[in-house]
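Quick one: the structure is below, questions incoming.
Coordinate-derived values only; no laboratory data. It should be emphasised that the depicted structure is a prediction, and the values quoted were computed from it without experimental measurement. No Cβ is skipped: glycine too gets one built from the backbone with ideal geometry, and neighbour counts run over all protein chains shown.
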Amino acid sequence: MLNLDATAALWILIVTTPLSFLAAFNDLARMKLPNALVMALVAIYVVIGPFLFDWPTYFWGFAHGIVMYLFGMFAYAFMGVGAGDGKYAAAMAMFIPAHDARFVVPLFCAYLIGAFVTHRLFRAIPAVRNATQTWVSWGHKKFPAGLALAGAFTTYFGIVAFGW
């Protein structure tokens, strides 16, 4: 059983889905997750969080963000993960109650594998490459993990909001 209220999840889904699509597209096209996008996600949490979470959960969200930020910077420094991916994951972590991490982490892992395979498959198709010639991710040695982060984030809130 997931811990987040369905109404809260629906509001988060509505407000954050455009940013998730922007993050995925930006990472595919430019291999960058802009700080402005990350800060927008944090600002959304700061503004709507008190209306959607009880106070302890809301304040723990800041701790989740800090811990994920530190982990993301460690992963950037030692594991080859993009700094933008770490910052975006930190902003996302603020919205996810600790109890639900046991569901969100495997969901992200599944999205990471699926997005990686799909990205590598699509970049091998000439028609897709020609339609998106300016996308940096097609020729980059790294994978745009923002695609998987955004997908997992949106899917989690969709599952909670609609009870799938």
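Run the numbers on the stretch 1-106 and let me know its relative contact order in percent, using alpha-carbon pairs under 8 Å that are six or more apart.
For the stretch 1-106, the relative contact order is 33 percent.
Quickly rank 148-161, 123-136, 34-47 as a protection proxy: mean count of other C-beta atoms within 10 Å, highest first. Numbers along the way, then the final one.
Values: 148-161: 22.7, 123-136: 11.1, 34-47: 16.0.
The most tightly packed comes first, giving 148-161, 34-47, 123-136.
Report the gain in length on full extension from Met73 to Arg120: 0.36 nm times residue separation, minus Cα-Cα distance, nm rounded to one decimal.
Computed gain between Met73 and Arg120 is 14.3 nm.
Now, a different point. Considering amide H positions built from the backbone, and no H for Pro or chain starts, which residues 5 or more places from Val81, or on another chain, come under 5 Å of its amide H?
Counting only residues 5 or more places away or on other chains, the set is Tyr76.
Helix-only estimate, please: 222 nm mean residue ellipticity of the chain, summing -39500 (n - 2.57) across DSSP H runs of length 4 or more and dividing by its residues, to the nearest 500.
It lands at -26000 deg cm²/dmol.
Which label belongs to the value computed from this structure, given these candidates for volume of the Cα convex hull per residue in Å³: (1) 169; (2) 143; (3) 110?
(3)
Anything in the chain that counts as a DSSP H helix reaching 30 Å or more along its axis (C-alpha) with Kyte-Doolittle mean of at least -1.0? List them, would you? Display every interim value, and only then the final one.
Details: long enough: 6-30 (34 Å, 1.27); 55-79 (35 Å, 1.01); 101-123 (32 Å, 1.17).
Span-like helices here: 6-30, 55-79, 101-123.
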